[in-house]
1. Tell me the accessible surface of residue 50 in square angstrom (1.4 angstrom probe, heavy atoms of protein chains only), to the nearest ten.
2. Where the accessible area of segment 2-104 is counted over protein heavy atoms with a 1.4 Å probe, how much of it, in %, is carbon and sulfur?
3. Take 80, 31 and sort them by solvent-accessible surface of the protein heavy atoms, 1.4 Å probe, largest at the top.
4. In sequence order, what are the phi-derived ³J(HN,Hα) couplings for segment 27-40 according to the Karplus relation 6.51 cos²θ - 1.76 cosθ + 1.60 with θ = phi - 60°, rounded to whole Hz, with x for glycine and proline?
5. If you split all Cα-Cα distances of segment 2-104 into 10 Å bins from zero, what percentages do you get per bin, shortest first?
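The values are calculated or read from the model by the stated rules, or taken from the named source; none is laboratory data. Just so it is clear, the model here is predicted, and its values are computed rather than measured. In case anyone asks, the SASA skips ligands and DNA or RNA and just uses the protein heavy atoms, side chains included. Shrake-Rupley method; radii C 1.70, N 1.55, O 1.52, S 1.80 Å.
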Amino acid sequence: VYIINVTWSDLTSQTIYRRYSKFFDLQMQLLDKFPIEGGQKDPKQRIIPFLPGKILFRRSHVRDVAVKRLKPIDEYCRALVRLPPHISQCDEVFRFFEARPEDLNPPKE
């Protein structure tokens, strides 16, 4: 689980908690919704940032994998919010970064 501090344009801020699988789900939604910006027709036109794919690993390696993904996830989030408004301000991005009820009681692991 990754801890993200979200600061909105009105300068309010909140802490949210997201699993890697939720980042991956968001990525798939964006690539489906914005095929041109996702580089499906022409890879040179891709502006949606890359996110490393899911990998299988043993339970004992969960923390190591999570730590290795920390920098790419940070870079992904920063790149995502710098995209043109039709992407960075789309419903899928807003919903991802909005606080959810489960963010009030974050996961223990």
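1. Only protein atoms counted, so the area is about 150 Å².
2. Answer for segment 2-104: carbon and sulfur cover 56 percent of the accessible area.
3. 31, 80
4. Each residue's phi maps through the Karplus curve to give 4, 5, 4, 5, 5, 5, 6, 10, x, 5, 5, x, x, 5 Hz.
5. Result returned by the calculation: 13, 45, 32, 10, 0.
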